[in-house]
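The values are calculated or read from the model by the stated rules, or taken from the named source; none is laboratory data. Because the structure is predicted, anything quoted here is derived from the model rather than measured. Methodologically, a virtual Cβ is constructed for each residue, glycine included, from the backbone with ideal geometry; neighbour enumeration extends over all protein chains shown. These accessible areas exclude ligands, DNA and RNA; they are computed on the full protein's heavy atoms, side chains included. Shrake-Rupley method; radii C 1.70, N 1.55, O 1.52, S 1.80 Å.
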Amino acid sequence: MRYAYVNGRFHRHSEAAIHIEDRGFQFADAVYEVWSVRNGQLLDADGHFQRLQRSLGELRIPSPRTRAALEQIIAELLRRNRVRNGLVYLQVSRGQARRDHAFPRAATTPTIVLTCKRLDFAAADARAEAGIAVITVPDQRWARCDIKTVNLLPNVLAKQAAQEAGATEAWLVDADGHVTEGSSTNAWIVTKAGKLVTRPADNHILHGITRARIFQCSQLLDLEIEERPFTPAEACDAREAFLTSATSFVTPVVSIDHHTIANGRPGSLATALRQAYLDQS
Ligand code: PLP
């Protein structure tokens, strides 16, 4: 049996529900967070909890639980669902209120939902060993992509386009012709000189917690990072390309828009960074 946590109680997953006038459902007026779970432990717990607070603060949604309370709920959720390797998903909306665009009364209680599921990390390892294909699509999102909101329709459409093109991820390209990030991952390339390049953590990308960890791993490996935008053409001509996220860690990219990167095999730096990330986690 699967269980979900909704507003203070554990429910059977199949019966867990929120109100039809929840503002997450009505307006995407909600934030979320995702932790990877390996051997029963949350990866990068601090970073994800801090980002959750930031997302809530940016949208002025009151924090519904302390971190200590959330940790207890997550531990119980993982125990009930017998998940030792997988992910935890948390969503907090501004709550349930009569439909009106402006914020409801200050006393409105935020809605909190937590679920978890098993992930096949062996399959993710196999994907990383083979490398994945990405396509590029226009970035059609709003101007505050640094806030982790559930407003993911452009990301959904981009990922669907990738799947229909036989690719695993879509890289989003802004009006200036630069890659912002993937539909659910941060985007990186390695120049011919061996420098890592990734877009600065501005308002046009989610400030990935795994991205931040790669900055630490790159120091251990004595690699230099340049934070600047890059184009799909530069990526196609790069020595390596890869992406990062909580559940895919570091995954080498071997083709972009059907153009093979370098020799079509996962790059050595991406592979070393994946290993360093997993060793440090
Ligand atoms: N960019 C987007 C749009 C995402 O949705 C995600 C993860 O969900 C990421 C980047 C990677 O962030 P993280 O490393 O914190 O998982």
Just to make sure I understand: if all protein chains stay in place, what is the order of 20, 225, 135 by accessible area at 1.4 Å, largest first? 20, 225, 135
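Over segment 171-281, with the other protein chains present, what is the accessible area per residue in square angstrom, probe 1.4 angstrom?
Details: 4510 Å² over 111 residues.
With the other protein chains kept in place, segment 171-281 gives 41 Å² per residue.
Classify segment 1-49 from the C-alpha gyration tensor, please: rounded if a/c falls under 1.5, else prolate or oblate depending on whether a/b exceeds b/c.
Cα axes put segment 1-49 in the oblate bin.
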Normalised per residue, the volume of the convex hull around the Cα set of the chain (Å³): 131 Å³
What FRET efficiency comes out for residue 226 versus residue 118 if R0 is 30 angstrom and r is the Cβ-Cβ distance? Round to the nearest 0.05. 0.20
For the chain, what is the percent of antiparallel DSSP beta bridges, rounded to the nearest 5? 80 percent
State the answer as a single residue: which of 172, 207, 218 lies farthest towards the positive end of the charge dipole of segment 167-225, with beta carbon charges of +1 for Lys and Arg and -1 for Asp and Glu, about the Cα centre. 218
For segment 165-216, what are Rg and Dmax over the alpha carbons, in angstrom? 11.7, 34
Suppose each label sits 7 Å from its Cα in the direction of the beta carbon; what would the residue 195-residue 278 distance come out to in nanometres? 3.0 nm
Could you tell me which residue out of 32, 72, 59 lies farthest along the dipole of segment 16-96 toward its positive end? Charges go on the beta carbon: Lys and Arg +1, Asp and Glu -1, centred on the Cα centre. 72
Summarise the accessible area of segment 129-238 (1.4 Å probe, protein heavy atoms) by the percent that is carbon and sulfur. 53 percent
I'd like the accessible area for residue 247: 1.4 Å probe, protein heavy atoms, all chains in place, Å² to the nearest 10. 50 Å²
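If you add up the charges near residue 22, with Lys and Arg at +1 and Asp and Glu at -1, over every other residue whose beta carbon is less than 13 angstrom from its beta carbon, what do you get? Don't jump to the answer; show the numbers that get you there.
Numbers: positive: 23, 94, 98, 99; negative: 21, 29.
Its environment carries a net charge of +2.
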Spin-label proximity, residue 268 to segment 194-214 - amide N less than 14 Å from point 7 Å beyond Cα toward beta carbon: 194-195
What whole number of Å gives the distance from the Cα centroid of segment 218-247 to the Cα centroid of segment 252-275? 10 Å
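Using just the helices of the chain, give the 222 nm mean residue ellipticity in deg cm²/dmol: DSSP H runs with n ≥ 4 each add -39,500 (n - 2.57), and the total is spread over all residues, rounded to 500.
Working: 8 runs with 87 residues, N = 281.
That comes out to -9500 deg cm²/dmol.
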Take segment 169-281, drop everything but the C-alpha atoms, weight them equally and run the Debye formula without solvent; then report log10 I(q)/I(0) at 0.20, 0.24 Å⁻¹ to two decimals. -1.05, -1.57
Summing Lys, Arg as +1 and Asp, Glu as -1, what charge do residues with Cβ under 14 Å from the Cβ of residue 266 carry, residue 266 excluded? +1
Heads up, I need the accessible area for residue 13: 1.4 angstrom probe, whole protein in place, Å², nearest 10. 70 Å²
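What dipole magnitude, in Debye to the nearest 20, does the chain give about its Cα centre under +1 on Lys/Arg Cβ and -1 on Asp/Glu Cβ?
Working: 34 positive and 31 negative charges, 261 e Å.
That gives the chain a dipole magnitude of about 1260 debye.
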May I ask you to give the solvent-accessible area per residue for segment 15-100, in square angstrom, as obtained with a 1.4 angstrom probe? 51 Å²
Counting alpha carbon pairs within less than 8 Å and at least 6 residues apart, what relative contact order, in whole percent, applies to the chain? 17 percent
Choice from 45, 106, 124 with maximal GNM fluctuation in the chain (Cα, 10 Å cutoff): 106
